[in-house]
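S.K.: Dumping the structure here so I can ask a few things about it.
The values are calculated or read from the model by the stated rules, or taken from the named source; none is laboratory data. In this text the structure is predicted, and so the values were computed from the model without any measurement. Glycine gets a Cβ as well: all are built from the backbone with ideal geometry, and neighbour counts include every protein chain shown.
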Amino acid sequence: MSLKVERVQGDRGVESFYLWNVVQGLAVTVRHAVTNLRAPRAVQTTNYPEEKKVMPPGYRGKHRLVPRPDGSPKCTACMMCATVCPARCINIEAGEHPDPTIEKFPVQFDIDLLKCVFCGYCVEACPVDAIRMDSGVYTFAEFNRSDFVAHKEQLLATLSQWAEPR
Amino acid sequence: MALVTIDGHTFEVPDGENVIQAAARIGIHIPHYCFHSGLPIDGNCRMCLVEVEGARGLQVACNTVLRKKVDKDGNEIPAAVVRQDTEQVRQARAGVMEFELLNHPTDCVVCDQAGECGLQDYYMTVGKYDHRSKVPKVEKRKAVPIGPMVMLDQERCILCSRCVRFVNTVTKTGELTIAGRGDKCRIEIFPGVELDNDYSGNVVDLCPVGALTSRDFRFKKRVWFLKTTPSICTGCSKGCNVLVDQDLAVVHRYRPRYNPHVNQWWMCDRGRLSYKAINDGRLKRARVAGDPAPWQKAVDTALALLRGKKFGIVVGPHASLEDLWMARALGREFEAPLWGLSWLAPGKADEWLMKSDLAPDRKGFELLGISTAEAAFRAAAPGLDALIALDVDLPSDLASGGQDAAGALAPTRGPALIALSTHETETATQAAVALPLAVAAERFATWANCDGRVQKGVPAFDPPGDALGARELLGLLAARLGKPVPADLEEVWRELGSELGITAVTFADIPLEGLPTATGAACAVSEPDTFGTGAGTIGGLPR
Ligand code: SF4
Ligand code: SF4
Ligand code: SF4
Ligand code: FES
């Protein structure tokens, strides 16, 4: 089989200055500026960070641990999420729960958000629906790497972005 | 020998074997719960139902014992013609699974057995029925500590009675029983007693489900994270064969490994917990005069203390046979006197596995002709410039350079003690130079148990920090001192093996169940397994 080489001719002469294209681009900008000034409510952008966007359902944001009615985590420390996690970023230490019908609970539950690839496998794997990524939180900024490790208390305090979690 | 036909294959098995054991020989696994090669046959779980030609209905494979059979012309015929691949058997297994799980809580989420559970395994392979019962499940007691080692969950129990048979026939302590009737049946511990015999941990391995779990291992790790390597328990001189279960170089448990000549299927609780010594209190970095120092500097300091000096070597009974051999070679090369000593306090002993000598390789002193005369050592020590203490914790009067009753031990005081140590012992702290060593679970090495059996271990992971195997370290010291001694494992074994009367064997060829030495063969070998019949590798479920 032989390869067919085709020469593509780029812009030449006056066109290579892109002057007309610049004018075209400016026209778009000016058109939007005028529309936005005439009807500020219809602006497409968000006034971040004053305004936060509600992410669409199914968006995988920062994890949260679902609490029981008494506020303790629903998590049973079965390690399914830690097992399935491709980034190996979930670290759970299990302990003996005083109630033998609950038996096992996470004494420590850490997720390293810097390692996390936000695949959502942990949510899929959880047999008791104790971990979710429906917080809608997509911005992470800290001064220390270690602060990117979300601990149990933090994960429990994180809320769903919907008042009525779905 | 008896003939048997299973699924159309006819083959010979030793007389007295049952169909489960026979099938295992040709790689057929017959699902079973209550049968264990180390326990008397009970036939209560009905999981092992198979078709036997000529018998009415399905038969339990575990109680179909094969004995030589001849027809009237004197020709040998199969003792049983078995089929286990038929639709009838398949239905029976799924039916039995449904009964086993009828009242089962299925709390695999919090159950430590998950991942190595007989119910999970057989549900996936031969069960897969739809739960039909609408009756609420019977509730029983959960998470009951019944002894220092064992946690009982009555709901998860399938009443196979392995644990009861173990305490009745193996330890003969009888703490457990099955109480109640019908679906109220449960494992109970007799009032006022604890499951507190020296072998109680074995019921955890025996229990095919999560009804009896280890309190020590409880919630530490999910079993599927563990990597398993065969090794030897160094808890006492019996040298029970173990499996080292570790994750990320942290050992989480020991489990006994079947060896018909040493420990059969079992191990004692003391040994079971001795894995902790691998994780804790290790010497990881070299030291000079008690302070952490770069390894290279510590070796240089040690060499300076040894070069051209009159030194002696004292080696402890935890050192492997290869280490002893190297120490002896070094002693011969440098005309250094060698003693094999230890100041370990004796531990509890019994008639069975537990020995009072808590070191794995004291027999090695005898096999390699290493002097164990403490008096001679104490007499000679003052005349030495330096002393290499190899894997031995010296008594404080020697380690600290203090005076013993017989007089001064000035030369071994402080600067001239070179400790090669696995742990942060008193000796390592006091020594002029301390170099870290690898422990048994981190090495290719052999140990001779109290019966003179040479057993090998393979490394589960790399030694921590700067630690090296004693054989390698001694080889390095000898080479740097100008008189190289072959330190390669196979080279050492070529000579060591022939000296021990184990000829034509390389280290790689030593079987995992070990080999008797010429001297050891005459020694007492533990009682033959009473119930099993040699195909004992079926030590319970395929785990
Ligand atoms: S989202 Fe994926 S990478 Fe992140 S914690 Fe869950 S399983 Fe791990
Ligand atoms: S015993 Fe087995 S099936 Fe039962 S809860 Fe434990 S892991 Fe699950
Ligand atoms: S506790 Fe385990 S070994 Fe004992 S009868 Fe129940 S299932 Fe069998
Ligand atoms: S009845 Fe045969 S193994 Fe239980």
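S.K.: Assess whether A:I111 counts as being more than 9 Å from chain B (Cβ to nearest Cβ) and either assigned to a strand (DSSP E or B) or touching a residue at least 24 places away in the same chain (Cβ under 8 Å) (or both).
M.R.: Details: more than 9 Å from chain B (Cβ to nearest Cβ): yes; either assigned to a strand (DSSP E or B) or touching a residue at least 24 places away in the same chain (Cβ under 8 Å) (or both): yes.
Criteria met by A:I111.
S.K.: Which ones in the range A:76-100 are away from chain B (no Cβ under 11 Å) and in a loop (DSSP other than H, G, I, E, B)?
M.R.: If the condition is that a residue be away from chain B (no Cβ under 11 Å) and in a loop (DSSP other than H, G, I, E, B), then A:C85, A:P86, A:A87, A:C89 are the ones that fit.
S.K.: Can you spot a residue in the range B:17-30 that is closer than 25 Å to B:G95 by Cα, within 29 Å of the chain's Cα centre (by Cα), of a type in the set (A, V, I, L, M) and within 16 Å of ligand 3 (Cβ to nearest atom)? Show your work before the answer.
M.R.: So in the range B:17-30, the residues closer than 25 Å to B:G95 by Cα come out as B:18-24, B:27-30.
Keeping just the survivors that are within 29 Å of the chain's Cα centre (by Cα) gives B:18-24, B:27-30.
If we keep only those that are of a type in the set (A, V, I, L, M) too, we end up with B:19-20, B:22-24, B:28, B:30.
Subsequent filtering for residues that are within 16 Å of ligand 3 (Cβ to nearest atom) retains none.
No: zero hits.
S.K.: Identify all residues within the range A:47-73 that are touching a Leu at 6+ places or on another chain (Cβ under 9 Å) and buried (at least 17 other Cβ atoms within 10 Å of the Cβ); write none if there are none. Spell out the reasoning first.
M.R.: Going residue by residue through the range A:47-73, those that are touching a Leu at 6+ places or on another chain (Cβ under 9 Å) are A:62-67, A:71-73.
Of everything in the range A:47-73, those that are touching a Leu at 6+ places or on another chain (Cβ under 9 Å) and buried (at least 17 other Cβ atoms within 10 Å of the Cβ) turn out to be A:K62, A:H63, A:R64, A:L65, A:V66, A:P73.
S.K.: Sort out which residues of the range B:171-183 are modelled with pLDDT of 95 or more and outside any loop (DSSP other than H, G, I, E, B), and write them in order of number.
M.R.: Answer for the range B:171-183, where residues must be modelled with pLDDT of 95 or more and outside any loop (DSSP other than H, G, I, E, B): B:L176, B:T177, B:I178, B:A179.
S.K.: If you don't mind, there's one more thing I want to ask. Could we say that A:A125 is touching a residue at least 40 places away in the same chain (Cβ under 8 Å), among the small types (G, A, S), within 14 Å of chain B (Cβ to nearest Cβ) and surrounded by fewer than 18 Cβ atoms within 10 Å (Cβ to Cβ) here? I'd like the intermediate steps shown before the answer.
M.R.: Values: touching a residue at least 40 places away in the same chain (Cβ under 8 Å): yes; among the small types (G, A, S): yes; within 14 Å of chain B (Cβ to nearest Cβ): yes; surrounded by fewer than 18 Cβ atoms within 10 Å (Cβ to Cβ): yes.
It is true that A:A125 is touching a residue at least 40 places away in the same chain (Cβ under 8 Å), among the small types (G, A, S), within 14 Å of chain B (Cβ to nearest Cβ) and surrounded by fewer than 18 Cβ atoms within 10 Å (Cβ to Cβ).
S.K.: Identify the residue in the range B:148-168 that is more than 16 Å from B:C111 (Cβ to Cβ), away from ligand 4 (no atom under 16 Å from the Cβ) and assigned to a helix (DSSP H, G or I) and, among all such residues, is nearest to the other protein chains (Cβ to nearest Cβ).
M.R.: Step one: of the range B:148-168, the residues more than 16 Å from B:C111 (Cβ to Cβ) are B:148-149, B:159-168.
Pick out the ones that are also away from ligand 4 (no atom under 16 Å from the Cβ) and you get B:148-149, B:167-168.
Going one step further and asking which of them are assigned to a helix (DSSP H, G or I), we end up with B:167-168.
Details: B:V167: 24, B:N168: 28 Å.
Among those that are more than 16 Å from B:C111 (Cβ to Cβ), away from ligand 4 (no atom under 16 Å from the Cβ) and assigned to a helix (DSSP H, G or I), it is B:V167.
S.K.: Here is a further query. Which pairs do you get when a residue that is under 22 Å from B:C185 (Cα atoms) and touching a residue at least 60 places away in the same chain (Cβ under 8 Å), found in the range B:115-144, comes within reach of a residue that is within 16 Å of ligand 4 (Cβ to nearest atom) and of a type outside the set (A, V, I, L, M), reach meaning Cβ atoms under 8 angstrom, with the pair 6+ apart or on two chains?
M.R.: Close Cβ pairs (under 8 Å, with a partner that is within 16 Å of ligand 4 (Cβ to nearest atom) and of a type outside the set (A, V, I, L, M)) amount to B:C117/B:P208; B:G118/B:Y33; B:G118/B:P208; B:L119/B:E100; B:L119/B:P208.
S.K.: Next question. Inspect the range B:300-319 for any residue being among the small types (G, A, S), under 28 Å from the mean Cα position of the chain (by Cα) and not assigned by TED's automatic domain parsing to the domain that holds B:N197 and give the result as yes or no. Reasoning before the result, please.
M.R.: Going through the range B:300-319, the residues among the small types (G, A, S) turn out to be B:302, B:304, B:308, B:312, B:316, B:319.
Going one step further and asking which of them are under 28 Å from the mean Cα position of the chain (by Cα), we end up with B:316, B:319.
Cutting the leftovers down to not assigned by TED's automatic domain parsing to the domain that holds B:N197 gives us B:316, B:319.
Yes - at least one qualifying residue is present in the range B:300-319.
S.K.: Right, here's the next one. Taking the criterion of being surrounded by 20 or more Cβ atoms within 10 Å (Cβ to Cβ), away from every other protein chain (no Cβ under 14 Å) and within 11 Å of ligand 3 (Cβ to nearest atom), would at least one residue in the range B:132-147 satisfy it?
M.R.: no
S.K.: Could you please give the count of residues in the range B:45-99 that are assigned to a helix (DSSP H, G or I) and either under 27 Å from B:I178 (Cβ atoms) or assigned by TED's automatic domain parsing to the domain that holds B:P208 (or both)?
M.R.: Step one: of the range B:45-99, the residues assigned to a helix (DSSP H, G or I) are B:61-63, B:87-99.
Subset that is either under 27 Å from B:I178 (Cβ atoms) or assigned by TED's automatic domain parsing to the domain that holds B:P208 (or both): B:61-63, B:92-99.
Of the residues in the range B:45-99, 11 are assigned to a helix (DSSP H, G or I) and either under 27 Å from B:I178 (Cβ atoms) or assigned by TED's automatic domain parsing to the domain that holds B:P208 (or both).
S.K.: Kindly list the number of the only condition in (1) more than 14 Å from chain A (Cβ to nearest Cβ); (2) in contact with a Phe, Trp or Tyr (Cβ under 6 Å, 6 or more places away or on another chain); (3) within 30 Å of B:Q264 (Cβ to Cβ) that fails for B:E98.
M.R.: Only one criterion in (1) more than 14 Å from chain A (Cβ to nearest Cβ); (2) in contact with a Phe, Trp or Tyr (Cβ under 6 Å, 6 or more places away or on another chain); (3) within 30 Å of B:Q264 (Cβ to Cβ) is unmet by B:E98, namely (3).
S.K.: Still on this structure, please answer the following. Count, please, the residues in the range B:100-114 that happen to be part of a helix (DSSP H, G or I) and free of Cβ contacts under 8 Å to residues at least 12 places away in the same chain. Please lay out each step first, then the result.
M.R.: If we filter the range B:100-114 for residues that are part of a helix (DSSP H, G or I), which is where we start, we get B:100.
Among the residues that remain, those that are also free of Cβ contacts under 8 Å to residues at least 12 places away in the same chain are: none.
Residues in the range B:100-114 being part of a helix (DSSP H, G or I) and free of Cβ contacts under 8 Å to residues at least 12 places away in the same chain: 0 in total.
S.K.: Now, a different point. Being in a helix (DSSP H, G or I) and farther than 19 Å from B:S161 by Cα is the filter here, so list the residues in the range B:1-44 that pass it. Steps first, please.
M.R.: Restricting attention to the range B:1-44, the residues satisfying the condition of being in a helix (DSSP H, G or I) are B:19-25.
Listed by number, the residues that qualify are B:V19, B:Q21, B:A22, B:A23, B:A24, B:R25.
S.K.: Name every residue in the range B:202-259 that is within 14 Å of another protein chain (Cβ to nearest Cβ) and assigned to a helix (DSSP H, G or I), in order of residue number. Full working, then the answer.
M.R.: Going through the range B:202-259, the residues within 14 Å of another protein chain (Cβ to nearest Cβ) turn out to be B:210-211, B:213-226, B:247-248, B:250, B:252.
Scanning the range B:202-259 gives B:V223, B:W224, B:F225.
S.K.: Could you please give the count of residues in the range A:131-163 that are hydroxyl-bearing (S, T, Y), part of a helix (DSSP H, G or I) and within 22 Å of A:K53 (Cα to Cα)?
M.R.: Quick first cut of the range A:131-163, residues hydroxyl-bearing (S, T, Y) only: A:135, A:138-139, A:146, A:158, A:160.
If we keep only those that are part of a helix (DSSP H, G or I) too, we end up with A:146.
Retained after the next criterion (residues that are within 22 Å of A:K53 (Cα to Cα)): none.
Final tally of qualifying residues: 0.
S.K.: Follow-up question, since we're still on this one. Being surrounded by 21 or more Cβ atoms within 10 Å (Cβ to Cβ), within 15 Å of ligand 4 (Cβ to nearest atom) and not in a loop (DSSP other than H, G, I, E, B): is that true of B:Y122 here? Before you say what the answer is, go through the steps one by one.
M.R.: Numbers: surrounded by 21 or more Cβ atoms within 10 Å (Cβ to Cβ): yes; within 15 Å of ligand 4 (Cβ to nearest atom): yes; not in a loop (DSSP other than H, G, I, E, B): yes.
Yes, satisfied.
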